[in-house]
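Just below is one structure, and these are the notes that go with it.
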Amino acid sequence: MARPQKIVQVNADRELRHLEDQVASARAARDFRQEAFLQNQIGNVYESLGKWQKALDAHKLDAKLSRAQGWMNGLALALMNVGKCLKMYVVWRSLYICVIFFPYLFCLVRLGHFGKAKSNVLEMLNIATEQDDLVTRTASIFTF
């Protein structure tokens, strides 16, 4: 018997394939409004899977296409979805930092490995700066 998570993934993969086929048809017909709508649907599927970066990319494309077509209702919906994805990305990134990284640093400090803890924080800050990740950069700065 399949586990529920596996079923959700299989259904989402099937839905994504179907939507990608429809996107190809909309592009061939040069129906950019339909393509924008389909990108919104693709973003929603990725959201349901918790794949926030892919959802964000789809919603940004939706916004670009809607803006180019002058479709203000579509643009408003796309921008709302972009904001939602950014918010969820920040939430999950913050949880990762709090649940995984800070306890690790705390253990290093408790064991007297201050130099290693500091170098890990500085490395995290450098990576966050390279990736322009404001959440991680802020957490790094306030750690030491």
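What to note about this one:
- Square roots of five times the Cα gyration tensor eigenvalues for segment 15-88, Å: 19, 16, 7
- Protection proxy ranking for 61-74, 38-51, 17-30, using the average of other Cβ atoms within 10 Å per residue and placing the highest first: 38-51, 61-74, 17-30.
- The stretch between residue 24 and residue 72 holds 15.0 nm of extra length on full extension. This uses 0.36 nm per residue minus the Cα-Cα distance.
- Alpha-carbon centroids, segment 21-49 and segment 56-70: separation in whole Å: 10 Å
Each reported figure results from applying straightforward, stated rules to the coordinates on display, with no laboratory input. No experiment lies behind these values; they were computed from the predicted model shown. Backbone-built Cβ (ideal geometry, glycine too); neighbour counts: all protein chains shown.
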